[in-house]
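Engineer: Got a structure for you, written out below as structure tokens; questions coming shortly.
Read-outs throughout are calculated quantities, based only on the coordinates presented, and are distinct from any laboratory measurement. In this text the structure is predicted, and so the values were computed from the model without any measurement. Glycine also receives a Cβ, built like all others from the backbone with ideal geometry; neighbour counts cover every protein chain displayed.
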Amino acid sequence: MRTPEEKKTFVREKFSSISPKYDFLNSVLSFQIDRYWRWVTTKELKPFPDGPVLDLCAGTLPLSLELARQAKRRQVLAVDFCEDMLRAGVENMPRDERRQRILPVCGDGEEIPVASNTVWGITVAFGVRNLANTQQGLNEMHRVLKPGGKLLILEFSRPANPVVKPVYSFYLNRVLPKVAGLVSGDKEAYEYLASSIAEFYEPDVLLGMMDKAGFARVHRRPMTFGIVSIYVGVK
Ligand SMILES: C[S@@+](CC[C@H](N)C(=O)[O-])C[C@H]1O[C@@H](n2cnc3c(N)ncnc32)[C@H](O)[C@@H]1O
């Protein structure tokens, strides 16, 4: 059992260690479905084409890039507390005009370095599970959203289908840490991935926490047999 501060240090170190291989492994291990998940999530922000929007736990910026691709005037603030992840994202960013509209900022999602009521949308892809204090993070997301703005959390959930469940579990616990460990050189990071998915809140509990943070119309949209879900809330 880690204290919240120990979890933060551990998570930051693990992402730092896998940052050079993160994008490659993400595509390979998800059979590129991750791109579809981010595309669907981003489309939910269609009513806010200009921004500014916040991509929290932005990592190597895949969702920030999609946010900027889908709306040509949108400004994206990309916040992550692991500098190496942001740096890898900036280094590999396509040399197009999106560079001017994506602003990477090193900062903590539990103390977001953004003024209250500032952004029209927030996306958090595969980040909420990594927060040391989820409720604190959700409270902060609510604070920085403008009234009427939308929160979208894309996160792993656990499939309930009796055929998919054991296959997915075998893949996640046995195959993935071995393959990703070999490629990234950090097996522990991918064992953490599996255990953090297994230990994460049930969907209804997370929706309850969003409600507690002040979000309205909270609901969940499961995708790909419930392997991931998009959680939606409005301020
Ligand atoms: C699995 S990666 C997701 C990156 C990206 N959003 C994507 O879609 O691939 C999770 C990211 O969350 C970041 N993170 C975890 N806890 C954080 C916190 N408290 N504040 C800011 N970023 C955090 C990590 O550094 C990591 O880059």
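Engineer: Beyond 15 Å, how much of the Cα-Cα pair distribution for the range 72-112 remains, as a whole percent?
Structural biologist: Here the tail beyond 15 Å accounts for 43 percent of pairs.
Engineer: Across the range 55-174, how large is the tail of the calculated P(r) beyond 17 Å, expressed as a percent of all Cα pairs?
Structural biologist: So the pairs more than 17 Å apart make up 59 percent of the total in the range 55-174.
Engineer: Is the chain rounded, prolate or oblate when judged by the Cα gyration tensor, a ≥ b ≥ c being the square roots of its eigenvalues, rounded requiring a/c under 1.5 and prolate requiring a/b larger than b/c?
Structural biologist: Judged from the Cα gyration tensor, the chain comes out rounded (a/c under 1.5).
Engineer: Please rank S27, S116, S16, fewest neighbouring Cβ atoms within 10 Å first, as an exposure proxy.
Structural biologist: Fewest-to-most Cβ neighbours within 10 Å comes out as S116, S27, S16.
Engineer: Could you line up Y171, Y22 from fewest to most neighbouring Cβ atoms inside 10 Å?
Structural biologist: Y171, Y22
Engineer: Among bridges DSSP assigns within the chain, what percent are antiparallel (round to 5)?
Structural biologist: 40 percent
Engineer: If you don't mind, another one. When the convex hull of the C-alpha atoms of the range 43-123 is computed, what volume per residue in Å³ does it have?
Structural biologist: 77 Å³
Engineer: Can you give the helix-only mean residue ellipticity at 222 nm for the chain, where every DSSP H stretch with n ≥ 4 adds -39500 (n - 2.57) and the sum goes over all residues, rounded to the nearest 500 deg cm²/dmol?
Structural biologist: Taking each H run of at least 4 residues, the total per residue is -13000 deg cm²/dmol.
Engineer: I would also like to ask the following. Express the relative contact order of the chain as a whole percentage, based on alpha carbon pairs under 8 Å and six or more residues apart in sequence.
Structural biologist: For the chain, the relative contact order is 19 percent.
Engineer: Sorted from fewest to most neighbouring beta carbons within 10 Å, what does the list D23, D55 look like?
Structural biologist: Ascending number of Cβ neighbours within 10 Å: D23, D55.
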